[in-house]
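Enquirer: Could you have a look at this structure, given as structure tokens, before my questions?
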Amino acid sequence: MSPLWFNEAMDTKALRQNIRNKRRTLSDSEREHAAFLLCERIAASRTFQQSKHIAFYLANDGEMDLSLLIKHAWQQGKKCYLPVLAEPNTQRLWFIPYTPATKLKNNRFDIPEPLHSHKTRLQKTLSLDLILMPLVAFDLEGNRVGMGGGFYDRSLAFLRQRKYWHKPNLLGIAYEFQKQEQLETNQWDIPMQAIATEKCLYLSNKKKHTS
């Protein structure tokens with residue numbers, strides 16, 4: 001799968017729509033093969049192996065499927081979490097423990113998330129060692145285009161106050177064709193330290209912490 005390159009004149013809305021369309025056209029066999037390669041690549045990384053508390057996501061809208069990696073993490077005894085929408089109108093995420101016994105329900109975007117209460121949510125996002133983040137497009141500076149809601153950026157805004165940080169490590173998840181030469185950025189964007197695709201594990205040129 002070759003990258004979709006866009007020049008600077010291509011706006012973010014058009015970029016987002018084009019890549020989302022490309023993801024949806026992948027066959028089941030292409031998705032499964034890419035997910036298998038990605039799982040192997042991440043599972044072999046030192047950051048993943050050393051992380052005990054890891055936030056994943058459940059694939060939606062053609063995103064890379066992390067099911068194999070989640071099962072591997074459970075087998076390794078790691079504590080897994082999924083994002084859920086926080087209080088209405090906050091546009092923030094909570095992270096809820098996720099086990100094989102966790103019951104799910106669809107949120108307002110029709111994305112499955114764990115049933116939860118204030119008692120079950122992770123109290124501090126900085127307690128996580130690693131967050132695997134879905135994205136629509138990325139560049140090698142660690143910049144990310146998401147779905148447009150800004151949920152991850154708002155939930156991780158505390159990281160902008162740090163010159164250096166050790167956790168959580170932020171790992172973007174994508175297909176190789178989602179890579180772009182350069183993305184426009186906003187002052188509220190939270191850069192990723194690395195991006196994993198089915199072909200490569202890229203360390204960001206602007207990473208805060210080498211892992």
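Enquirer: Inspect all residues belonging to the range 83-91 and state whether any of them is of a type outside the set (Asp, Glu) and on the phi > 0 side of the Ramachandran plot.
Expert: Checked against the condition, which is being of a type outside the set (Asp, Glu) and on the phi > 0 side of the Ramachandran plot, the range 83-91 yields at least one hit.
Enquirer: Could you run through the range 1-23 and say how many residues are modelled with pLDDT of 90 or more and under 20 Å from Gly149 (Cα atoms)? Break it down into steps so the answer makes sense when it comes.
Expert: Just the residues of the range 1-23 that are modelled with pLDDT of 90 or more, to begin with: 14-23.
Still in the list and also under 20 Å from Gly149 (Cα atoms): 14-21, 23.
Number of matching residues: 9.
Enquirer: Taking Ile54 as meeting all but one of (1) under 30 Å from Trp94 (Cβ atoms); (2) open to solvent by 50 Å² or more (accessible area, probe 1.4 Å); (3) at pLDDT 95 or above; (4) of a type outside the set (S, T, N, Q), write down the number of the exception.
Expert: Answer for Ile54: the failing condition is (2).
Enquirer: Taking the range 72-103 as the region of interest, how many residues are open to solvent by 60 Å² or more (accessible area, probe 1.4 Å) and over 30 Å from Glu40 (Cβ atoms)?
Expert: Total meeting the criteria: 5.
Enquirer: Still on this structure, please answer the following. Within the range 129-160, track down each residue that is among the small types (Gly, Ala, Ser), in a loop (DSSP other than H, G, I, E, B) and touching a residue at least 40 places away in the same chain (Cβ under 8 Å).
Expert: Let us first name the residues in the range 129-160 that are among the small types (Gly, Ala, Ser), namely 137, 142, 146, 148-150, 155, 157.
Imposing the further condition that a residue be in a loop (DSSP other than H, G, I, E, B) reduces the set to 142, 146, 148-150.
Correct list: Gly142, Gly148, Gly149, Gly150.
Enquirer: Among the residues of the range 171-189, write down those that are touching a strand residue (DSSP E or B) at 6+ places or on another chain (Cβ under 8 Å), open to solvent by less than 10 Å² (accessible area, probe 1.4 Å) and in a loop (DSSP other than H, G, I, E, B). Show your work before the answer.
Expert: If we filter the range 171-189 for residues that are touching a strand residue (DSSP E or B) at 6+ places or on another chain (Cβ under 8 Å), which is where we start, we get 171-174, 178-180, 183, 189.
Next, only the ones that are open to solvent by less than 10 Å² (accessible area, probe 1.4 Å) stay: 172-174, 178, 180.
Within the range 171-189, Ala174, Gln180 qualify.
Enquirer: What is the residue count in the range 21-51 for residues that are under 23 Å from Leu104 (Cα atoms) and surrounded by fewer than 16 Cβ atoms within 10 Å (Cβ to Cβ)?
Expert: Going through the range 21-51 one residue at a time, the tally reaches 1.
The values are calculated or read from the model by the stated rules, or taken from the named source; none is laboratory data. Everything quoted here is computed from the prediction, not taken from an experiment. FYI the Cβ positions are ideal-geometry reconstructions off the backbone, even for glycines, and counts take in every protein chain you see. All accessible areas refer to the heavy atoms of the entire protein, side chains included, with ligands and DNA or RNA removed. Shrake-Rupley method; radii C 1.70, N 1.55, O 1.52, S 1.80 Å.
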